[in-house]
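Any read-out appearing in this document is the output of simple, stated calculations on the displayed coordinates, not a laboratory observation. Computed from a predicted structure; not experimentally measured. Reconstructed Cβ throughout: ideal geometry from the backbone, glycine too, with neighbour counts over all protein chains shown.
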Amino acid sequence: MTDRLRIALQKKGRLADDSFELLKKCGLRFAIRGGGLLARVKNMPIDLLLVRDDDIPSFVANDAADIGIVGENVLVEEQLVSREGLDAEITMRLGFSRCKLSLAAPNDGDINNTEQLNGTRIATTYPGVLGNFLKERGISAKSVEMKGAVELAPSIGIAESICDLVSSGATLEANGLSAFETILESEAVLIQSGRKLSADKQALLNKLMSRIDGVIKSSE
Ligand code: ATP
Ligand code: ZN
C-alpha cells in the first residue's frame, strides 16, 4: 500500500455523486473522468479507488483501500454472506443515500404481512440480510436471488413477493406493489478495517473526518 490514503468509492450510481460532492465540500480537489480506476486528489495525499459498490467492503477488508464509502445495506449484506467473516466496520455515518430494505408484495394479492410469507418465494438481491431476517422470525420461505429488476419478479411469476431497497416508493407503486415490512434502514457510511493505519494516514483521516462532520452539521 502507498503512503497516500486510499478511499474506495462507487464509480457510478446512486451513491457516487453524493460521495464525490461530500469529498469536494471537504476541500478535496479531483476530477472524475471516464473509465479510470484511480483518481488522484491534487491537493492532498489521497487517491480515490472507483469501483462497484458491492466490492467496497471486501476491498477495505483486504487492504486494497484504507477506507470506503458505501451503503450500510451493502456492508451488512457482505458481512452476512462472507464465509470467512469480513474485516470492515462502520467508522462514521454520513446521513445521505437513506433508504430501507423492505418486503413488498402485489397490491391485489394474498400477501400483506410477514407471517404470510411461510411457504412462498421471495425475490431479492440481498439473500444474506433476508435469510437472517427470516431465520430470526422463524419463517420458512425460499429466497430467489436476482441481480437486479427485483420489482418485476411477481409479475414474471418467479416469486410471490420481493425484498428490495425502497426510498420514495415510486418504483414499487409503478409495479403495483406495496411494502408491508422494513427489515433494514440504511444510509451511506464510512467504513474501515481493524488494521492500524500509519501515523500520517491516521492524522489525515482524522482531519478528513472532522471536515466531514462539519459538512454534515452545516447541512442539517
Ligand atoms: P453498482 O453498479 O455500483 O453495483 P448498484 O446498481 O448496485 O451499483 P445503486 O442503484 O447505484 O447500486 O445504489 C447504490 C446504493 O444507493 C444502494 O446500495 C443504497 O445504499 C443506496 N440507495 C438509496 N436509495 C436507493 C433506492 N431507491 N434504490 C436503490 N438503492 C438506493
Ligand atoms: Zn451494486
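General observations
- Test item: Cα-centred dipole of the chain, Lys/Arg +1 and Asp/Glu -1 on Cβ, debye: 1140
- Gained length - L152 relative to D63, 0.36 nm times residue gap less alpha-carbon distance: 28.3 nm
- Share, in percent, of DSSP beta bridges within the chain that are antiparallel, nearest 5: 60
- All Cα-Cα distances of segment 99-186, cut into 5 Å bins from zero to the largest, leave 3, 16, 31, 30, 16, 4, 0 percent in each bin in turn.
- Between the C-alpha center of segment 108-163 and that of segment 64-106 there is a gap of 20 Å.
- Pairwise Cα distances in the chain exceed 32 Å for 27 percent of all pairs.
- Farthest towards the positive end of the charge dipole of segment 99-186, among the residues G148, L103, S167, is the Cα of G148, using unit charges on the Cβ of Lys, Arg, Asp and Glu.
- The modelled label-to-label distance between M209 and T182, using points 7 Å beyond Cα along the C-beta direction, is 2.6 nm.
- Rel. contact order, % - alpha carbon contacts under 8 angstrom, at least six apart, the chain: 26
- The order of the peptides 113-119, 59-65 by mean Cβ neighbours within 10 Å, most packed first, is 59-65, 113-119.
- Beta bridges by DSSP in segment 1-114, antiparallel share as percent, to the nearest 5: 25
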